[in-house]
Structure formats: structure tokens, C-alpha cells
Amino acid sequence: MSVADSSSPGVDNQLFDLKVPVLGICYGMQAMAKALGGKVESIGIREFGHATVRARGHSRLLSEISDKTNDRGHGLLDVWMSHGDLVTELPNDFNTICSTENCPIAGIGNDERLLYGLQFHPEVTHTKKGLQIIKRFVHEICDVSTNWTMKNYVKEVIQNIKTKVGSDAVLLGLSGGVDSSVAASLLHKAIGKQLICIFVDHGMLRKDEAKNVMKEISGKLGVNVCKIDASNEFLEGLNGVTDPEEKRKIIGKLFVDVFQREAKKIPNIKWLAQGTIYPDVIESADSNNKKAVKIKSHHNVGGLPESLHLKLLEPLRELFKDEVRSLGKTLGLDSEIINRHPFPGPGLAVRILGSIQREYIQILQKADYIYTEKLKKTYITKVDFDNELCEEDQVGKSWYEATSQAFVVFLPVKSVGVMGDSRTYEWTVVLRSVITSDFMSASWSRLPYRLIEEVSNQIINEVPGINRVVYDVSSKPPSTIEWE
Ligand code: XMP
């Protein structure tokens, strides 16, 4: 929307008489400027992406915060812009606190009234000093102290769960991923054996995954987990199916059927717990507003039907992924589980192109294990610096930690090779690795050649059926992270 358009939402002027600090971001700055008597215009110039902003006039919001200085000593900030409209006249008693070449008023401020606006986005990671700017606003300008701790939060949430649930039994669909594992351990701390988890093994999990989930969640934490081996059912349902969407639909439906069937066997369940986290809440709010990002719509395989007639419990609803990880750590979950890369609900089914065969699953599990183990055991060195996607503070981390998602894809394509004295005619696998913060866009990881080479050798030597390994150098968009 455009603030310059008279039908667009505006800000109630009384907000600015409350004598509380206000920071308007992007549209927020424009709405604020307009409400206070400034002017906003659409002048046909769009700024989208990276921009360099020059701070001006030593405002309380930006003073002493910069990424670099120009040759005249002015502080410069690397920021992310995304706008088509401009504030072209300041409201009364406001100063310009920063500008770019295309956007002479890129930030506005009134230090006395503690009202500020920024045209760029301090909340995105591409704005390098964004967090520092937000901290300046929250801690110094709003005078808010940091007294939120995960320990206190855990206490509070556990108490809330106890009060809400009373003596009822709660059902949770456990996938072994970070969110459902953290939800399980939190609920277990709160209500112990009243929590019953159903873990559906659809036969397309990673190597030893089902065993490890049971060992960690049921064995170590003592959570009540009912593991259902439904692999035959899923493989039969997928028999001969090659279309990716069709495969996803079959898996989604079977998952719900199996879960529902097993849930009915458990008496007295009143609640269904889900590992929904805050980004999921934002996405579903969007879909209520018909602004859903289509590409994600097929992802909610775990979305269970209302026909279960259970009350919904979502203990992680207010947390972002990094907070879920930190909660898991506070609850004593193993770091293997907490720091896992995401794994799609349909599992290896979307990483085996075309129809699924047991043989392909076994090959893929072995190759994937070799690849991820190598990433976990290879540490980033100073030599990796020419790697444009590798930041200096990542030296010493493993490549698994430094990448957002890495896995192997099985291609049902045979090619000719030679091993020893013999000709081979075998399958191909693809190594995929991406770096992303939101999974909506992603760059392929610039892994060191030596690492790729070692993984390729090990896979070809140790996994029968594979004689060729390739590396995926496509980013999202235009590709997607998964191959199907
Ligand atoms: P794409 O392939 O769309 O993937 O670029 C983006 C992220 O979503 C994950 N993904 C899924 N997660 N159920 C899930 O729970 C799914 O059906 C699904 N499909 C993709 C993918 O692994 C990546 O992290």
C-alpha cells in the first residue's frame, strides 16, 4: 500500500501525544510523517535491496552507530531498503537523521519528543547494525531493561500448562525435529505421564532417525512415546507414484489417517499439542488475510484435522526458532537434536525423484549420513575466507553449523563408470547445501572443494549402487531447496 493514497491505513495522531517513544519503520515512518504534517509522495523511484545510508545530525537514535566512514568522516550504514514512496517534506520540529542518494529523507527524528522514523529496515539481518539500532531505541530511548530470561520463561510456561490442562491427557505428534522435540520435553516437564506422544515412522526418515528419536526422547527424557511403524502402509500407498505433488498428498493423507487411528486407541485425551512456532503463526495469520505465500502451503503435512475434536495446546507459539533452540538447551535436550537442520514432513520421499523404491531409500540414507557426518566433523578454517558466504566469526564452527540445510538427493539416473577393472552402470546422487535465514530464499553454500571431493569419494567407495556424485549450485529462487 502507499501512504500517499488516501484510502490507505494511517496512524491516529493521538498516539504521538502519549509521550511515549515511537519508532516508525518504512511504511511506519511514512504514516508518521504524514500524520504529523509532513509530505509523502510516490515519485516513481523504487529502492529495493542494499543501500548505503549516511547518518546526519547526531540523532539519539543513530549517533555513533556506523559500519564505515566516507572520506569526509561521515558515518555510513549498510542497510536494506524496500520502498517506492518517499517522505519529501519533514513534519514540523523534525530533523533528517539519515539519507541516501535516492532518498534524501531516509530517517526522521525529534529527539525531544523521542519520535523517530526509518525508511530502511533495521529488523532484517541484511542491515548490519540493525540490531544495535533497535537496542538503542529499546534500552536507551525507551529505557527498557533486559530482564527476560529463558529460565523464568520456562517456569512461567510450565505453570500455565499445568493450570490449563489440569489432570487431562495430552496428545502430541512427535516428528523428531527441533520443534516437536522441544514441545515434548517442555510438556513432559509440566505434566509428566499425562503427555502421550505418537511418533509415526513412515519409512522415509534419515538413517537411524527413528532409533535416535526413541533413544533421546523416550529413553533419556522418559517421555511417553508410542512409535508406530507405518512404513509398509506408506510405501504401498506410494507404489508407482511419480508426480511430486501427488506423492506429497498421499503422504499427508496417510499421516493423518495413521495418526487418527492410533489416537483413537488412547483413552481420555482432551488436548492436542502442536509444536507451532511464531513464524507459523505469522504465516497462518497471513493465509487468513489471503496474503499467504503460496510456496509454503503444501508444507504443513503435520497439520492435523479438526475431526479429532481436541482442544489445541501450542506451548511454543510465541517463540522464534532460535528461542526454541535456547529453550531446548535450558530443558537439557541433546545438542544433536537442538541444532538439527530442518527436515521436511514427507521426508526422503521428496529427495528421491520419481517413484520410491526401498533400494533407493537405503542408498539415500547411507549417502546422506556420510555427507552430514562429514559436514559435522569438518571445521571452518581461515583458509575458507575467500568463500564469499563465510563470515569471519564462523571460523572454528563446523560446516554443518555454518550451513542452514544440507542433504543428499537421489536421482534415478544411471551413468557409466569404472571401478577397478570393471565397468559400472549405476545411480547418481546430488549433494545439496544452502545458506538462508528464512528458507524463503537461499543461496547455495560455497563448500570447499576438498570437502566435496572427500564426500564424493567416500560415497562412491562405500555406498553400493552409486558411481556418480554431483553438487547442486542453484539458489532459491529460481530453484527450491528441496528437489520435489
Ligand atoms: P523449499 O523446497 O520449498 O523448502 O524451498 C523450504 C523449506 O521447507 C522445507 N519443506 C518442508 N517442510 N513439510 C515440511 O515440514 C514439507 O512438506 C516441506 N517441504 C519443504 C524444506 O526442507 C526447506 O527447509
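The values are calculated or read from the model by the stated rules, or taken from the named source; none is laboratory data. This is a predicted model, so every value here is computed, not measured. Cβ placement follows ideal geometry from the backbone for every residue including glycine, while neighbour counts extend to all protein chains displayed. Each accessible area value is taken on the protein alone, full model and side chains, heavy atoms only, with ligands, DNA and RNA left out. Shrake-Rupley method; radii C 1.70, N 1.55, O 1.52, S 1.80 Å.
Tell me yes or no: at least one residue of segment 402-415 is open to solvent by 60 Å² or more (accessible area, probe 1.4 Å) and among the aliphatic types (A, V, I, L, M).
Yes, segment 402-415 contains a residue that is open to solvent by 60 Å² or more (accessible area, probe 1.4 Å) and among the aliphatic types (A, V, I, L, M).
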For this session: Give the residues of segment 448-470 that are assigned to a loop (DSSP other than H, G, I, E, B) and at pLDDT 95 or above, sorted by residue number.
Result: Val463, Pro464, Gly465
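Among the residues of segment 456-471, is there at least one that is more than 16 Å from the ligand (Cβ to nearest atom), basic (Lys, Arg) and open to solvent by 10 Å² or more (accessible area, probe 1.4 Å)? Spell out the reasoning first.
Here is the first cut: in segment 456-471, the ones more than 16 Å from the ligand (Cβ to nearest atom) are 456-471.
Filter once more, keeping what is basic (Lys, Arg): 468.
From what is left, the residues that are open to solvent by 10 Å² or more (accessible area, probe 1.4 Å) are 468.
Yes, the conditions are met somewhere in segment 456-471.
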Problem set entry | Residue ID - nearest to Asp85 (Cα to Cα), chosen from residues in segment 12-32 that are open to solvent by 50 Å² or more (accessible area, probe 1.4 Å) and among the aliphatic types (A, V, I, L, M) | Ile25
Seminar exercise, completed: Over segment 173-201, the set of residues within 16 Å of the ligand (Cβ to nearest atom) and hydrophobic (A, V, I, L, M, F, W, C) is Leu174, Val178, Val182, Ala183, Phe199, Val200
Exercise. What strands (runs of 3 or more DSSP E) lie completely within segment 49-134 and have 3 or more residues being hydrophobic (A, V, I, L, M, F, W, C)?
Worked result: 75-89
For this session: Could you grab me the full set of residues in segment 37-82 that are closer than 14 Å to Ala4 by Cα and at pLDDT 90 or above?
Result: Gly37, Gly38, Lys39, Val40, Glu41
Seminar exercise, completed: Checked segment 322-361 for anything more than 30 Å from Leu238 (Cβ to Cβ), in a helix (DSSP H, G or I) and within 16 Å of the ligand (Cβ to nearest atom); matches are Asp322, Val324, Arg325
Exercise. With (1) of a type in the set (S, T, N, Q); (2) under 17 Å from Val324 (Cβ atoms); (3) crowded, with 16+ Cβ neighbours inside 10 Å as the list, and Asn160 as the residue in question, which single condition is left unmet?
Worked result: (3)
Exercise. So which pairs qualify, if the first residue must be in segment 442-455 and within 11 Å of Thr403 (Cα to Cα), the second must be modelled with pLDDT under 95 and basic (Lys, Arg), the Cβ gap must be under 6 Å, and the two must be at least 6 apart or on different chains?
Worked result: Ala442/Lys476
Exercise. Can you name every residue in segment 27-48 that is in a strand (DSSP E or B) and either touching a residue at least 60 places away in the same chain (Cβ under 8 Å) or not hydroxyl-bearing (Ser, Thr, Tyr) (or both)?
Worked result: Lys39, Val40, Glu41, Ile43, Gly44, Ile45, Arg46, Glu47, Phe48
Exercise. Restricting segment 33-53 to residues that are in contact with a Ser or Thr (Cβ under 6 Å, 6 or more places away or on another chain) and of a type outside the set (Val, Ile, Thr), which is surrounded by the most Cβ atoms within 10 Å (Cβ to Cβ)?
Worked result: Ala51
Exercise. Considering Lys253, Lys215, which residue is within 15 Å of the ligand (Cβ to nearest atom), without any contact (Cβ under 8 Å) to a residue 40 or more places away in the chain and either surrounded by 13 or more Cβ atoms within 10 Å (Cβ to Cβ) or assigned to a helix (DSSP H, G or I) (or both)?
Worked result: Lys253
Problem set entry | Residue satisfying condition, being touching a residue at least 24 places away in the same chain (Cβ under 8 Å), closer than 29 Å to Arg248 by Cα, assigned to a strand (DSSP E or B) and within 16 Å of the ligand (Cβ to nearest atom), within set Phe439, Phe407 | Phe407
For this session: Report, ordered by the first and then the second residue, all pairs with beta carbons closer than 8 Å, sequence separation of six or more or different chains, a first member in segment 116-132 that is free of Cβ contacts under 8 Å to residues at least 40 places away in the same chain, and a second member that is surrounded by 19 or more Cβ atoms within 10 Å (Cβ to Cβ) and assigned to a loop (DSSP other than H, G, I, E, B).
Result: Leu131/Pro122
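Taking the condition modelled with pLDDT of 95 or more and not in a loop (DSSP other than H, G, I, E, B), does Leu171 pass?
Answer is yes for this residue.
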Seminar exercise, completed: Taking segment 419-436 and the residues there that are away from the ligand (no atom under 16 Å from the Cβ) and at pLDDT below 95, the one that is nearest to Glu482 (Cα to Cα) would be Met419
